[in-house]
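First up is the structure itself, then whatever we jot down about it.
Bear in mind that the values in this text are calculations on the coordinates, not laboratory data. Since we're looking at a predicted model, the values are computed, not measured. Cβ placement follows ideal geometry from the backbone for every residue including glycine, while neighbour counts extend to all protein chains displayed.
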Amino acid sequence: MYIIIIGGGRIGEHLVSLLMDEGHDIALIEKSEERAKYMAENYDILVIKGDGGEAKYLEDAGIKRADVLVACTGNDQINFVACQLAKSTYNVPKVIARTTNPSNKVIYEKLGVDVVISTTEAAAKAMYAGIKGFSAVLTFSGDIELIYAKISKKSPLLNRCVKELHMPWGSILAAILRNGEIIVPKDDVKIMESDEIIVVNNKGVESKIRDLILGK
C-alpha cells in the first residue's frame, strides 16, 4: 500500500518503522525542519518538509494515489484539515486520525474519518486496565469490551480446562495466546501459566471477570 503519514514525531516514527518492516511504500510530511531531516537520514522513505494541512504538500507526497492517510501530529487543527482534504477532495480510501481531545472524535467521525484515535483516551484506558488488574481494556460501540489479561501462577484459571470455566453471563472467552500462537478455546484446552487470554464481554461485568481471572 501507499501510505502518507503526517507527523514525524515519536508516534509517526514508530509507525513508519512498523510499516517499513511490512514493505509498504511510505511518504512522510513533517513541519519541523530538524525532525524532517532526521527522518530522511534514518529511513528510506519520501520525506517532505511542510504543513500536512496544506494541499500543496499533500500533492507533493502523492495523495492522489494514496491508499491510506494517517494524520498523527500533536496539532488537532493540522490533523483535522488534512483528514478533511483527504476525504472530501482526494477521496483517499482510508483515513486515520490522531486527536489529543476525546471530544473531537465525534467531529472526525462526522467528517467520515475511518479510524479516530484519542491518545488521551488511550492512555487513560491503559491506566484503567492496570487499576482493574488487566493488561488492557478496549471498548467498542459503547457497551462491548475486549479484556486482555495474562495468566499468572496465582490465577484461579490455571490448569483448568475451558469446559470447566464458568464465564459470567454476557461474556465469552474469545482466544488464548500461547508462545505467539492463537489457540481456539475448545472445551478440552487447558489454561496454562503465562497464557494471554482475550475475553469479549458486555460492559459492567468486568469485576466478575477480574475475580475469575485474578481471584478475589
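Could you give the length gained by full extension between ASP44 and HIS24, i.e. 0.36 nm per residue of separation minus their alpha carbon distance, to one decimal place?
Numbers: separation 20, 0.36 × 20 = 7.20 nm, distance 1.12 nm.
Difference between extended and current length: 6.1 nm.
At a Förster distance of 41 Å, what's the computed FRET efficiency of ARG10 paired with LEU158, Cβ-Cβ distance as r, to 0.05? Walk me through the intermediate numbers first.
On the way: r = 37 Å, r/R0 = 0.91.
After rounding to 0.05, the efficiency reads 0.65.
Could you tell me whether the range 2-118 comes out rounded, prolate or oblate from its Cα gyration tensor? Rule is a ≥ b ≥ c as square roots of the eigenvalues, rounded for a/c under 1.5, then prolate if a/b exceeds b/c, otherwise oblate. Let's see the in-between values first.
Values: a/c = 1.56, a/b = 1.40, b/c = 1.11.
Prolate, since a/c reaches 1.5 and a/b exceeds b/c.
Can you list the aspartates and glutamates whose alpha carbon sits under 16 Å from that of LYS37, skipping same-chain ones fewer than 8 residues off?
Counting by Cα, and skipping residues close in sequence, LYS37 has these aspartates and glutamates nearby: GLU13, ASP51.
Using every pair of alpha-carbon atoms in the range 133-214, split the distances into 5 Å bins beginning at 0 and state the percent of pairs per bin, rounded to integers.
Binned Cα distances yield the sequence 3, 16, 29, 28, 17, 6, 1.
Between ASP67 and VAL184, how high is the FRET efficiency from 1/(1 + (r/R0)^6) when r is the Cβ-Cβ distance and R₀ = 35 Å? Nearest 0.05. Write down the numbers at each step before the final one.
Numbers: r = 32 Å, r/R0 = 0.91.
With a Förster radius of 35 Å, E is 0.65.
Using amide H atoms built 1.01 Å from N in the peptide plane, name the residues 5+ places from ASP114, or on other chains, whose amide H lies under 5 Å from its own.
For ASP114, whose amide H was placed from the backbone, the distant partners under 5 Å are VAL95.
Quick one: of LYS31/LYS56; LYS49/LYS94; LYS153/LYS190; LYS163/LYS190; LYS56/LYS110, which pairs are farther than 18 Å apart, Cα to Cα?
On the way: LYS31/LYS56 13 Å; LYS49/LYS94 23 Å; LYS153/LYS190 14 Å; LYS163/LYS190 9 Å; LYS56/LYS110 25 Å.
Checking Cα-Cα distances, LYS49/LYS94; LYS56/LYS110 exceed 18 Å.
Apply the Karplus curve 6.51 cos²θ - 1.76 cosθ + 1.60, θ = phi - 60°, to the phi angles in the range 173-179 and return the couplings in whole Hz, x for Gly and Pro.
Karplus-based 3J(HN,Hα) across the range 173-179 equals 7, 8, 6, 10, 9, 9, 6 Hz.
Just to verify a number: FRET efficiency for SER17 and GLU109, C-beta to C-beta distance, R0 = 30 Å, to 0.05? Walk me through the numbers on the way to the answer.
Numbers: r = 28 Å, r/R0 = 0.94.
After rounding, the FRET efficiency stands at 0.60.
For ILE172 and LYS37 in one chain, what is 0.36 nm times their gap in residues minus the Cα-Cα distance, to one decimal in nm? Please list the in-between numbers first.
On the way: separation 135, 0.36 × 135 = 48.60 nm, distance 4.89 nm.
Extending this stretch completely gives an extra 43.7 nm.
With respect to the cross-link table entries LYS150/LYS186; LYS105/LYS150; LYS150/LYS208, which display a Cα-Cα separation exceeding 22 Å?
Values: LYS150/LYS186 18 Å; LYS105/LYS150 31 Å; LYS150/LYS208 16 Å.
Over 22 Å apart, Cα to Cα: LYS105/LYS150.
Once Kirkwood radius over Cα pairs in Å is worked out from the coordinates, which option in (i) 17.0; (ii) 19.5; (iii) 18.1 does it equal?
(ii)
Is there a quick way to get the dipole size of the chain? I mean about its Cα centre, with the Cβ of Lys and Arg at +1 and of Asp and Glu at -1; what is the value in debye to the nearest 20? Don't skip to the answer; put the middle values down first.
Working: 27 positive and 29 negative charges, 173 e Å.
The calculation lands at about 840 debye.
Just to be sure I understand: of the beta bridges DSSP finds with both ends in the chain, what percent are antiparallel, rounded to 5? Don't skip to the end; give the middle numbers.
Details: 22 of 43 bridges.
Antiparallel bridges make up about 50 percent of those DSSP assigns within the chain.
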